[in-house]
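Report on the structure given below.
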């Protein structure tokens, strides 16, 4: 493959045409000579679906990260492999913060015990910040439900 890439580079220093190929788990970018350049987007090896699950996430004074096993049903349903609910001590306007790490694009909605909802949309998790946050205020800040729409 390296020899092919070097040969292509000698023929032309600028690649003018690209092709895309979607495999089961990735979207690849190819040059006009069909040499794979790199995967553009890598997704879960299983289908993503909308979900609605009950959770029991208590806020902590300091952000205790909870790591989720990537083989677990929770991860396979939500794409979330780390979460933290903490007091947002640095924020003037908000008292609490939800932080997540996710591998897939979802529009998440988090519900507290009062029934209030907090939205967080993650479009390109591989190309954006690793931690995705939403700040909120609540008299009953425990997160009891997470809803996700696959995007």
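The values are calculated or read from the model by the stated rules, or taken from the named source; none is laboratory data. If you're wondering where the values come from, they're calculated on a predicted model, not measured in any experiment. Every residue, glycine among them, receives a Cβ derived from its backbone with ideal geometry; neighbour counts consider all protein chains shown.
Here is a yes/no grid of residues against (1) outside the structural domain of residue 125 (by TED's automatic domain parsing); (2) modelled with pLDDT of 90 or more:
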residue: 20; (1), (2): yes, no
residue: 25; (1), (2): yes, no
residue: 34; (1), (2): yes, no
residue: 37; (1), (2): yes, no
residue: 78; (1), (2): no, yes
residue: 88; (1), (2): no, no
residue: 97; (1), (2): no, yes
Selection status of residue 126, in contact (Cβ under 8 Å) with a residue 60 or more places away in the chain, under 19 Å from the mean Cα position of the chain (by Cα) and surrounded by fewer than 19 Cβ atoms within 10 Å (Cβ to Cβ):
yes
When residues of the range 99-129 are limited to those that are under 18 Å from residue 76 (Cα atoms) and not in a strand (DSSP E or B), the one modelled with the lowest pLDDT:
126
Criterion first (exposed (fewer than 14 other Cβ atoms within 10 Å of the Cβ) and closer than 17 Å to residue 53 by Cβ) does residue 104 satisfy it?
no
In this structure, is residue 93 within 21 Å of residue 120 (Cα to Cα), in the same structural domain as residue 140 (by TED's automatic domain parsing), at pLDDT 50 or above and surrounded by fewer than 17 Cβ atoms within 10 Å (Cβ to Cβ)?
yes
Taking residue 141 as the residue in question, decide whether it is surrounded by 15 or more Cβ atoms within 10 Å (Cβ to Cβ), assigned to a loop (DSSP other than H, G, I, E, B), free of Cβ contacts under 8 Å to residues at least 60 places away in the same chain and touching a strand residue (DSSP E or B) at 6+ places or on another chain (Cβ under 8 Å).
no
Which condition number does residue 81 fail, the rest of (1) closer than 24 Å to residue 48 by Cβ; (2) free of Cβ contacts under 8 Å to residues at least 24 places away in the same chain; (3) surrounded by fewer than 17 Cβ atoms within 10 Å (Cβ to Cβ) being met?
(3)
